[in-house]
1. Of the residues in region 208-251, how many are of a type in the set (Ser, Thr, Tyr), within 21 Å of Gly404 (Cβ to Cβ) and assigned to a loop (DSSP other than H, G, I, E, B)?
2. Could you say which residue among Ser289, Ser374, Ser310 is among the hydroxyl-bearing types (Ser, Thr, Tyr) and more than 29 Å from Gln90 (Cα to Cα)?
3. Of all residues being part of a loop (DSSP other than H, G, I, E, B) and within 27 Å of the chain's Cα centre (by Cα) in region 139-168, which is modelled with the lowest pLDDT? Just the residue, please.
4. Would you say Leu418 is within 30 Å of Lys301 (Cβ to Cβ), touching a residue at least 12 places away in the same chain (Cβ under 8 Å) and assigned to a loop (DSSP other than H, G, I, E, B)?
5. In the list Ser175, Ser207, Ser186, which residue meets the criterion of being farther than 23 Å from Asn367 by Cβ and either in contact (Cβ under 8 Å) with a residue 12 or more places away in the chain or outside the structural domain of Gly97 (by TED's automatic domain parsing) (or both)?
6. Taking Ala202 and the conditions (1) assigned to a loop (DSSP other than H, G, I, E, B); (2) within 26 Å of Met361 (Cβ to Cβ); (3) not acidic (Asp, Glu), which numbered condition does it fall short on, given that it satisfies the others?
7. List the number of the failed condition for Val329; all other conditions in (1) among the hydrophobic types (A, V, I, L, M, F, W, C); (2) farther than 23 Å from Lys219 by Cα; (3) within 18 Å of the chain's Cα centre (by Cα) hold.
8. Take the conditions free of Cβ contacts under 8 Å to residues at least 12 places away in the same chain and of a type outside the set (A, V, I, L, M, F, W, C) and apply them to Gly328. Does it pass?
Amino acid sequence: MVRKTNITLCTLIALASLLAPAVGAQGLAKPAFRDITEPPQGKLGEQVAAMIAAINANDPKVAHDFVERYLTPSVATGKALDARAASLMQAFRSSSGVDFYSVRAAVDSGGSPHTVNTVVLKERLHGGWMAAKLVMDPGNAPRIRSIAFDHARPPASTSTAAMTEVQMLERVNASLDRECANDKFSGALLIARADQVLLKRACGEASMRYHVKNDVDTKFNLGSMNKMFTAVAIAQLVEQGRVSYDDPVSKYVDKSWLPKRITDRITVHHLLTHTSGLGSYFNDKFENSSRELFREVNDFKPLLQGDDPSFPPGQRFQYSNSGMLLLGVVIEKASGKKYFDYVREHIFKPAGMKDTDSYAMDEPVENLAMGYTSESREKVHWKENTFMHVIKGGPAGGGFSTVGDLHRFAQALQVGNLVNPESRARLWTNQSDRGYGYGFKIGAYPNGLDVGHNGGFPGISGDLTIFVDQGYVVAVLSNRDHEALVMSGRLRAWITQIPAAD
């Protein structure tokens, strides 16, 4: 799920060509960047130096001063000011401080008029790599429009010596020991090779209010990771002949959702690949409405009113929660079942995912983690995300699962228990320059292909990565901002250093 005041999955996808190996149409890795290790000069140099100083100060006043001085005034006020300052504080918590390494060659910003600079930072805690994406406003004295932090692909000039599986697991355990001991990770982690679980650990608190600890079976919110389930459901209905990827959405979505002039031009393919031009229902109407109003797929209908595509369908990639929501409408119309009933019966049940569902937040569900965000002026002041989040997840995200259930989902996909090999190949084929297939992110590295999805929202972060050729599965879930994404990026870097099996 995406929320404008925090690091979002949309931002992470936009970073794909710089932060992970680029992927071509056939899933082959291509050179994606070059690092300029000389500190930048002029205005950009001043901004980068001030950003690093603000991170390393670990002081809310310094963070707020940086945001007010260097960010565009329209996005540096009110809640947005607190959120952007909090992201600097979070960058320190995940790294224990950073040092400048390089400015990485700019990505195509998808038609945006804003200049994009990606700064690669070295983390002091682990010696890992962090990327800060600075989107600049144009003008004679440009300010920063937004900053997003993520794990960065290691610079090409650094040594990435091969490691064994045992060495990888030792490094993961040592990293997790440090993260947990320093309160930099709250969640659960699983690493498996095929059906064999190699590592499964948890730390932190599922409830700070009652000091209930997380365990390996705690249910965490998935954010946008639900999009994988929605895409698999569509693939199943295509196999049954009830849906075609080329069908216009108007075949399933009536004019009470969107005008026919819009839905006639958008296909199921466009919705799956985020190329419909539609935006996100996390808009002002959602922000100013009671969460109680949104429980079923149809309840979200008022939030899509007036959502005209921002470009002709198929023209380019634009991450869209509204598009994925409409796939839920397609599933309900084509199957004759409620979305939640369909995925429960046709995905969760055959995969053995007994602890996965779109649980309502006002239901007393056992061993379910509350989400905590640090959007505050205080150094450490956690706030529950209950009134920020949807009361019940849906086709675009917001359901709950465990790291064990995500492993079972990955296994069920790979052995053919959910879709046939042809459908799976379609789900996992890159459809754009953003490393995205049908509801799955697509990556490549020297030893093979990896697929999966991540999710982010205040108090939520998670990632599932399936290393298709090496056989590994990594599931990381957290009930705090960004922490699972940082951890999973680090694990990906280490796993990809394991040589491919002969």
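The values are calculated or read from the model by the stated rules, or taken from the named source; none is laboratory data. Because the structure is predicted, anything quoted here is derived from the model rather than measured. No Cβ is skipped: glycine too gets one built from the backbone with ideal geometry, and neighbour counts run over all protein chains shown.
1. 1
2. Step by step, each of Ser289, Ser374, Ser310 is checked, and only Ser310 is among the hydroxyl-bearing types (Ser, Thr, Tyr) and more than 29 Å from Gln90 (Cα to Cα).
3. Here the answer is Thr160.
4. The answer is yes for Leu418.
5. Selected residue: Ser175, the only one of Ser175, Ser207, Ser186 that is farther than 23 Å from Asn367 by Cβ and either in contact (Cβ under 8 Å) with a residue 12 or more places away in the chain or outside the structural domain of Gly97 (by TED's automatic domain parsing) (or both).
6. Ala202 satisfies every listed condition except (1).
7. Every listed condition holds for Val329 apart from (3).
8. No: the conditions fail for Gly328.
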